[in-house]
Amino acid sequence: MPDLLIELRSEEIPARMQRKAAGDLKKLVTDALVGAGLTYEGAREYWTPRRLTLDIRGLNARSADVREERKGPRTDANERAIEGFLRAAGLSSIDEAQVHSDPKKGEFYVAHMVKPGRAAEDIIADVMPATIRDFPWPKSMRSGAASARPGSLRWVRPLQSIVCTFGAETEETKVIPFEVDGIVADNVTFGHRFHAPQAISVRRFADYSEQLEKAKVVLDAERRKQMISADAHNIAFANGLELVEDEGLLEEVAGLVEWPRVLMGSFDEGYLEIPSEIIRLTIKTNQKCFVTRRPGAEKLSNKFILVANIEARDGGQEIIHGNGKVVRARLSDAAHFWKRDQGDLPDLETLTASAAKFALDLKKPLDQRMAKLDALNVTFHAKLGTQGERVARIRALAAALATVTGADAALVDRAAVLAKADLRTEAVGEFPELQGIMGHKYAALQGEDQAVSDAIEDHYKPQGPSDRVPTDPVSVTVALADKLDTLVGFWAIDEKPTGSKDPYALRRAALGVIRLVLEGKARLPMLPFFDVALAGLKAQRPDIANEIGGDLLAFFHDRLKVYLRDLGARYDLIDAVLTPEADDLLMIARRVEALTAFITAEEGKDLLAGTKRATQILAAEEKKGTEVAARVDEKLFRLDAERTLHASIMIASDDARQAIVKEDFRSAMEALSKLREPVDVFFNDVLVNDENVAIRANRLALLDLIRTATGEVADFSKIAG
C-alpha cells in the first residue's frame with residue numbers, strides 16, 4: 001500500500017509552537033483523509049525549527065465505492081412524484097429503479113446507486129491546500145509579494161517549500177503537485193541552512209530522513225533532545241561537574257537547532273555571590289543555556305553549557321566567547337539588582353504612613369519595599385483593590401486561621417505583612433518567577449525568623465498537583481490565607497472559572513487549599529473562613545456580594561472529588577458521604593477512606609444490599625403516598641425478626657453515633673455492620689406490605705430507621721452495586 005510524505009518548510013518556527021503544530025498537522029490531514037474514505041496503517045509527525053513533516057504509511061490507493069439506496073414513491077404515485085424521484089436519484093428512466101414490496105405500504109420504487117471511489121492522489125490534492133490555508137497557528141503572518149492580495153496565505157513564518165510524495169515502497173513515488181499561494185508541492189527540500197543549503201530530491205520518508213541527516217538535519221525532535229542531554233551530561237562530567245536538569249529548557253533548545261553541538265562556557269567566579277536562582281534564570285532566559293554545579297552541591301559552578309546549531313571550524317571557540325560575553329553582561333545586571341534590593345530606597349520619607357499601617361521598620365530593606373508597594377497603590381485587580389489592600393485582608397484572615405492551625409500569631413502576622421514585599425524588588429521585576437524566592441532570601445538577610453522567611457516563599461505553594469506542600473504552621477497559615485482571599489474575592493465579583501477558561505488559576509488555588517488541608521491533616525471548617533475573608537473584602541468594598549459561601553463550597557466539592565478520584569477513590573463513595581453543607585474537607589476524606597475499606601469487605605457488601613433494598617422499598621411506598629408511621633411502635637411487632645432488627649438498630653445507631661462523635665469512622669462502620677444478619681432475616685421472614693395498615697406503616701417506619709442509621713455515615717442509596 002502507498003505511503004505519503006508531506007513536508008512544510010518555512011523560516012524558523014518559534015520553539016514553543018513546534019510540537020503542537022506537528023500534532024495539528026497530523027490530526028488535520030489524517031482526519032480529512034479518513035473523512036474522504038481513505039484508511040491508513042500508521043502516521044507519525046516530526047518537526048525541526050524549519051519544517052513540519054508527516055509520514056503516513058499504508059494509505060489506500062483509492063477510496064471505496066459507496067453504495068446507497070434511495071427510497072422512492074409508491075408504484076402508483078403520480079407522474080410528478082416519480083419525476084422528482086428520478087432527478088434526486090440521478091436516474092434517466094424509472095426502468096433503472098427496482099420495485100420493493102412492503103406488507104403495510106405496498107409496492108414502491110428504490111434506486112440502488114453507486115458512488116465511485118476516488119484516487120488517493122485526487123483526495124490529497126484537495127485536502128492539503130485547505131489544511132495549509134486554515135492551519136491553526138496561535139500567531140501567523142503574511143509575507144512576500146502575495147501578501148498584498150486579499151485572502152493571501154497566513155503562516156507562522158514565511159512558507160518556503162512544500163514536499164508531497166506518494167507511492168508504494170516497490171514503485172516510484174509520484175509528486176502530488178497542488179499549489180498554495182504560488183508555492184507548488186514538489187519532491188525537493190533543503191538541508192541545514194549553513195552546512196547544506198543545496199536542494200535535495202526525495203522520494204519517500206526513508207531516503208528523506210537519511211538525506212536530511214547527511215545534510216546536517218536531525219529530523220526527530222526527541223532524538224535531538226537525547227543528543228543534547230547526553231552530550232551536556234558528558235561534557236559536565238568531564239569537567240568534574242553535573243548538569244542542572246531543566247526539561248523545559250531542553251525542549252526549547254531542541255526546537256532551536258537542527259544539528260545540535262554542545263559546548264561549555266564560563267563566567268567570572270565573583271558572580272557566584274548572586275543567588276543561584278538568579279544566575280540560572282539569567283543564563284536560561286537570555287541565552288538559553290544550562291547551568292552546572294559540583295556533584296551534590298547546591299551552589300552553582302561558573303561553567304555553563306550552550307547548544308550551537310553549527311559545527312564551527314574553530315571548535316566553537318568564537319561561539320563560546322560570544323555567549324560568555326553576553327552572559328557576563330547579563331550577570332552584571334543581575335548583580336546590580338541584587339545589591340540594589342539590599343539598599344535603602346531614596347524616598348523613605350514618603351513611606352511613613354504605609355509603614356505605620358503595617359507596623360513596618362523602615363530601617364529594613366524588605367519592609368521598605370512593602371511600604372512602597374502600598375504607597376504606590378499598585379493594583380491587584382480593578383474590582384478587588386490594590387496590593388496593599390490585599391495584604392491587609394490576608395493579614396486579617398491569617399490571624400483568624402492561626403487560631404485553628406496553631407501557628408504562632410506574631411510570626412504569622414509578620415510573614416503575612418512581608419509576603420508580597422518582593423514584588424517591588426528589582427530582581428523580581430526582572431524575573432517575576434522569582435517572587436517568593438527572593439522575598440525569602442531578603443528576609444533572611446535582614447534577620448527575620450526562619451519561619452517567616454520560609455513562609456514568604458512557601459505561601460505560593462502548592463502551585464500544582466506535583467508541587468511541594470508546606471508543613472510549617474506559619475507557612476501553611478499564610479498559604480491558606482492567600483488562596484482563600486483569592487477565591488473568595490473572585491467569587492464575590494463573579495469572576496469564576498467557566499468551561500476550560502480559568503484566567504486567575506482559581507482551580508489551582510482550590511486544589512492548593514485541599515492539599516494543604518488533607519496532606520497537613522488540618523481540621524479547617526471552610527464556611528466560617530469564607531465569611532471572614534468576605535467580611536474583610538466588604539470592609540474595603542461595601543458594594544461587594546453578600547453571600548458566596550454555598551456556591552464556593554460546591555466548587556471545592558468538585559475539586560475535592562477530582563483530587564480524591566486521582567488518589568483512587570470511587571466517585572459514588574465520595575457522593576455517598578458528601579452533603580451540600582459539608583465543609584470539613586479532612587473529615588470528608590476520612591469518611592471516604594473508611595467507607596471504601598468497609599464496602600469492599602463482605603459485611604459491607606451484604607449490608608449495602610440489604611440497606612439499598614430497604615431504601616428502595618421505602619422510597620417506592622413514599623412515592624405512592626403509602627402511610628409511614630412517625631415512629632416505630634413495638635406493640636405492633638408480630639414476628640421475632642421485627643423485634644430483633646429493631647433492637648439491633650437501636651444498639652448499632654447508638655454505637656455508630658458515639659464513634660462518629662470521636663471521628664472514628666471505621667468503628668462507626670463496624671457498628672453498622674452488625675445490622676447485616678438481622679436485616680437479612682427481616683427480609684426473609686417479614687412481609688413489609690402487610691394487609692393491616694398499621695402494621696405496614698410500622699414496618700415501613702422500621703425500614704426508615706435502617707435508612708437513618710446508615711445515613712449517619714453515608715447515603716447508601718448513592719453507592720453502586
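The values are calculated or read from the model by the stated rules, or taken from the named source; none is laboratory data. Everything numeric here is computed off the predicted structure, so don't read it as measured data. Note that each Cβ is placed from the backbone with ideal geometry, even for glycine, and that neighbours are counted across all protein chains shown. In case anyone asks, the SASA skips ligands and DNA or RNA and just uses the protein heavy atoms, side chains included. Shrake-Rupley method; radii C 1.70, N 1.55, O 1.52, S 1.80 Å.
Under the √(5λ) rule applied to the eigenvalues of the Cα gyration tensor, what semi-axes describe the equivalent ellipsoid of segment 385-465? Give them in Å, descending.
20, 15, 13
Using the C-alpha atoms of segment 256-329, what convex hull volume per residue, in cubic angstrom, is computed?
Dividing the Cα hull volume of segment 256-329 by its residue count gives 90 Å³.
What nm distance separates the two modelled labels at V114 and D246, each placed 7 Å from Cα along Cα→Cβ?
Distance between label points: 6.5 nm.
What value in Å³ per residue do you get for the convex hull of the alpha-carbon atoms in segment 283-361?
That works out to 146 Å³ per residue.
Given Cβ point charges of +1 (Lys, Arg) and -1 (Asp, Glu) and nothing else, what value in debye, to the nearest 20, does the dipole of segment 448-541 about its Cα centre take?
480
Quick one: Kirkwood hydrodynamic radius for segment 485-526, alpha-carbon pairs, angstrom, one decimal?
11.2
What is the ratio of the Cα radius of gyration of segment 10-160 to 2.2 N^0.38 Å, where N is its residue count, to two decimals?
1.61
So what is the calculated 222 nm ellipticity per residue for the chain, using -39500 (n - 2.57) for each DSSP H run with n of 4 or more, over all residues, to the nearest 500 deg cm²/dmol?
Here the helix-only value at 222 nm equals -16000 deg cm²/dmol.
Tell me, what is the percent relative contact order of the chain, built from C-alpha pairs under 8 Å that lie six or more residues apart?
7
Tally Lys/Arg at +1 and Asp/Glu at -1 over every other residue whose Cβ is under 10 Å from the Cβ of S673; what's the total?
Result for the local shell: -3.
I want the local charge near D344. Using Cβ-Cβ distances under 14 Å, sum +1 for each Lys or Arg and -1 for each Asp or Glu among the other residues.
Summing Lys/Arg as +1 and Asp/Glu as -1 gives +1.
Run the reach check for K624 against lysines, Cα to Cα strictly under 23 Å, same-chain hits fewer than 8 apart removed. What comes back?
Partners within reach: K612, K718.
Taking a ≥ b ≥ c as the square roots of the Cα gyration tensor eigenvalues, with a/c under 1.5 meaning rounded and otherwise prolate when a/b beats b/c, else oblate, which class fits segment 433-559?
Here segment 433-559 falls in the prolate category.
What is the ratio of the Cα radius of gyration of segment 443-482 to 2.2 N^0.38 Å, where N is its residue count, to two decimals?
Rounded to two decimals, the normalised Rg is 1.15.
Please give, to one decimal in nm, the separation of the simple spin-label points placed at D333 and E171, each 7 Å out from Cα toward the Cβ.
5.9
Using the Cα centre of segment 545-692 as origin and beta-carbon charges of +1 (Lys, Arg) and -1 (Asp, Glu), tell me which of L636, L586, T615 is placed farthest towards the positive end of the dipole.
Result: L586, furthest along the dipole toward the positive end.
Quick one: net charge around R142, please, counting Lys, Arg +1 and Asp, Glu -1 for every other residue with C-beta under 14 Å from its C-beta.
Computed value for this residue: +3.
Hey, what did segment 32-114 get for relative contact order, percent, Cα under 8 Å, at least 6 apart?
26
Compare the peptides 584-594, 686-696 by average per-residue count of other Cβ atoms within 10 angstrom and give them in order, highest first.
584-594, 686-696
If segment 681-721 were replaced by its equivalent ellipsoid, with semi-axes equal to the square roots of 5 times the Cα gyration tensor eigenvalues, what would those be, largest first, whole Å?
The three semi-axes for segment 681-721 are 23, 12, 8 Å.
Can you report the principal axis dimensions of segment 633-706 using only the alpha carbons, biggest first, rounded to whole angstrom?
Extents along the principal axes: 43, 20, 16 Å.
Taking the Cα centre of the chain as origin and charging only Cβ (+1 Lys, Arg; -1 Asp, Glu), how large is the dipole, in debye to the nearest 20?
With only Lys, Arg, Asp and Glu charged at Cβ, the dipole is about 1300 debye.
Calculate how large, on average over all directions, the projected area of the Cα convex hull of segment 82-147 is; give the answer in nm² to one decimal.
10.0
Let's test this: bin the Cα-Cα distances of segment 612-659 at 10 Å from zero up to the farthest pair and state each bin's percent.
Result, from short to long distances: 21, 41, 35, 3 percent.
Taking only Cα atoms of segment 201-292, what ratio of Rg to Rh do you get with Rh as the Kirkwood inverse-distance radius?
Answer for segment 201-292: 1.09.
Using alpha carbons only, what's the Rg to Rh ratio of segment 99-194 with Rh from Kirkwood?
Result: Rg/Rh = 1.29.
Working with all protein chains in place, sort I320, I574 by solvent-accessible area computed with a 1.4 Å probe, largest first.
The ranking, largest first, comes out as I320, I574.
Report, in debye and to the nearest 20, how large the dipole of segment 63-164 comes out about its Cα centre when Lys and Arg carry +1 and Asp and Glu carry -1 on their Cβ.
Charge dipole of segment 63-164: 900 debye, to the nearest 20.
Please list, in order, the residues from segment 112-149 whose amide nitrogen is less than 13 Å from a point placed 7 Å along the Cα→Cβ vector of R16.
Those under the cut-off are 138-139.
Rounded, prolate or oblate: pick one for the chain, where a ≥ b ≥ c are the square roots of the eigenvalues of its C-alpha gyration tensor, a/c under 1.5 means rounded, and failing that, prolate if a/b is larger than b/c, else oblate.
oblate
By its C-alpha gyration tensor, with a ≥ b ≥ c as the square roots of the eigenvalues, how is segment 563-705 shaped: rounded for a/c under 1.5, else prolate for a/b larger than b/c, else oblate?
Here segment 563-705 falls in the prolate category.
Which one of F178, I200, F237 has its Cα pushed farthest toward the positive end of the charge dipole of segment 137-270, where Lys and Arg give +1 and Asp and Glu give -1 at the Cβ?
Most positive-ward Cα: F178.
Using a 7 Å offset from the Cα along the Cα-to-Cβ direction at both A539 and A238, what is the distance between the two label points in nm, to one decimal?
Between A539 and A238, the simple spin-label model gives 6.4 nm.
Could you compute the FRET efficiency for E298 and L345, with r as their C-beta to C-beta distance and R0 at 25 Å, rounded to 0.05?
Taking R0 as 25 Å, the efficiency between E298 and L345 is 0.20.
Sorted by packing (mean other beta-carbon atoms within 10 Å per residue), highest first, where do 666-678, 129-141, 450-462 land?
450-462, 666-678, 129-141
List the DSSP H helices in the chain whose Cα atoms stretch 24 Å or more along the helix axis and whose mean Kyte-Doolittle hydropathy is at least 0.5.
473-492, 693-711
Kindly give Rg over Rh for segment 264-307, based on alpha-carbon atoms, with the Kirkwood expression for the hydrodynamic radius.
0.92
Which distance in Å, rounded to a whole number, links the C-alpha centroids of segment 63-142 and segment 244-309?
Value for the Cα centre distance between the two parts: 62 Å.
What per residue convex hull volume, in Å³, comes out for segment 329-465 when only alpha-carbon positions are used?
130
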